[in-house]
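The values are calculated or read from the model by the stated rules, or taken from the named source; none is laboratory data. If you're wondering where the values come from, they're calculated on a predicted model, not measured in any experiment. Heads up, the Cβs are rebuilt from the backbone with ideal geometry, glycines too, and the neighbour counts pull from every protein chain shown. Surface accessibility is based on the protein's heavy atoms, side chains included, excluding ligands, DNA and RNA. Shrake-Rupley method; radii C 1.70, N 1.55, O 1.52, S 1.80 Å.
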Amino acid sequence: MKKISQTLNKLTNTKEFNERYNAIRKEILEDENIHRFLNSHSSTVTKEMVDRSLVKLYEYSSQSKNCDKCPSLEGCINMMQGYHPQLILQKNSIDVRYERCPRKVAADERKRHERFIKSLYVPKDILGATMESFYQTYVSEERLKAFEKAMIFIKKIDQGEKTKGLYIYGSFGVGKSYLLGAIANELADRKISTLIVYVPDFFREMKSSIGDQTLNEKIDMIKKSPVLMLDDIGAETMSSWARDEILGPILQFRMLENLPTFFSSNFDFEGLEAHLTTSQRGEVEQVKAKRLMERIRYLADPVYLSGDNLREKGL
């Protein structure tokens, strides 16, 4: 029986093999990125190094760079999903190192944002809001003032200063919730956690949580959030229990701890106080409503937002 080495040597010395080898070698070396790499290291890289590293060079050339051959992150064709190859010199050979591709970097950034922005019942488009987009959409004097106050808050909180949140009010569809989402994303860029809560659905969940004994746990999470945003307060059907046992303790805790708190509402302060005064059973309790409004005024400065109804315009 012939030795394996003899058989392999015979195979590799055939004309057909040599022609195929040279064709593959030529194709690899004509790769634009490989050609550029070899030229930039021409004083170091020798023909022998190239021949020794041909398998690595082929590995590099056959994969997508900067997502140029991939339809999506999930459809990545590379050996390691979300990572693309980079050529490096390793001692006396050329090697391949894998780094995150642009789509992987963007996906990781979104996940990082998600860790800093938690939400309860808030639409996804709100969570994707940006201050730049808010600024560019139907600019008006009131929107510019709201933008400026939001940026002042972001700057102060980023510098570690204690500062009040904003009570953003105005008619339907002018971008109040969107502005909250944009502020939350700016804070996420600065690694500051935010919790956005859609108030009407939140109160409904709190009521159902009485039976499963998770009420206090959920209230505690909201009370202690580094930045809390209560979206659409006043849109709920207010009960004495929700006002006095849920909203009151949350705001009281945040007032005592000076924790930044934001609100959005269709009501101004006077309108919200009237809403809080009368419960769904028709009970009129002005003192309790005034006490709650004192906490809201302490926590947030009013910001009026006007403009066209962006929802009707499909924005």
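Per residue, the chain exposes 58 Å² of accessible surface when a 1.4 Å probe is rolled over the protein heavy atoms with every protein chain present. Seen against the Cα atoms of the chain and their longest principal axis, helix 176-189 is set at about 50 degrees. Here the chain exposes an accessible surface that is 51 percent carbon and sulfur, computed with a 1.4 Å probe and the other protein chains kept in place. With a cut-off of at most 14 other beta carbons within 10 Å, and DSSP calling the residue loop, which trypsin sites (Lys or Arg not before Pro) in segment 133-212 qualify? Please list them. Here the trypsin sites (Lys or Arg not before Pro) that fit, given the DSSP loop and packing criteria, are Lys162, Arg190, Lys191. Which percent, nearest 5, of DSSP beta bridges in the chain are antiparallel? Of all bridge pairs located within the chain, approximately 30 percent are antiparallel. Look at where the Cα atoms of segment 147-190 and of segment 50-78 average out, and the two centres are 43 Å apart.
Pairwise Cα distances in segment 213-268 exceed 19 Å in 29 percent of cases.
Computed from the Cα positions only, the extents of the chain along the three principal axes stand at 102, 49, 39 Å, in decreasing order. Legend: calculated FRET efficiency, Leu120 to Asp220, from the Cβ-Cβ distance at R0 = 22 Å, rounded to 0.05, equals 0.95. The modelled label-to-label distance for the pair Thr163/Leu73, using points 7 Å beyond Cα in the direction of Cβ, is 3.1 nm.
Placing a pseudo-label 7 Å from each Cα along the Cα-to-Cβ vector at Glu283 and Glu109 gives an inter-label distance of 5.1 nm. Sites listed here are GluC sites (Glu not before Pro) in segment 155-218 whose DSSP assignment is loop and whose Cβ has at most 10 other Cβ atoms within 10 Å: Glu161. Only one residue of Leu54, Asn33, Gln90 has its Cα farthest out toward the positive end of the dipole of segment 26-94, where Lys and Arg carry +1 and Asp and Glu -1 on Cβ, and that residue is Gln90. The order of Met255, Met131 by accessible area, most exposed first and with a 1.4 Å probe, is Met255, Met131.
Taking Cα atoms only, the orientation of helix 199-212 departs from the longest principal axis of the chain by about 90 degrees.
According to the calculation over all Cα-Cα pairs in segment 20-116, the P(r) per 10 Å bin from zero is 15, 41, 27, 12, 4, 0 %.
Rounded to the nearest 500 deg cm²/dmol, what is the calculated helix-only ellipticity per residue at 222 nm for the chain, with -39500 (n - 2.57) per DSSP H run of length n ≥ 4? Don't jump to the answer; show the numbers that get you there.
Numbers: 15 runs with 160 residues, N = 315.
Here the helix-only value at 222 nm equals -15000 deg cm²/dmol.
Charges were assigned to the Cβ only: +1 to each Lys and Arg, -1 to each Asp and Glu. The resulting dipole of segment 137-202 about its Cα centre is roughly 200 debye.
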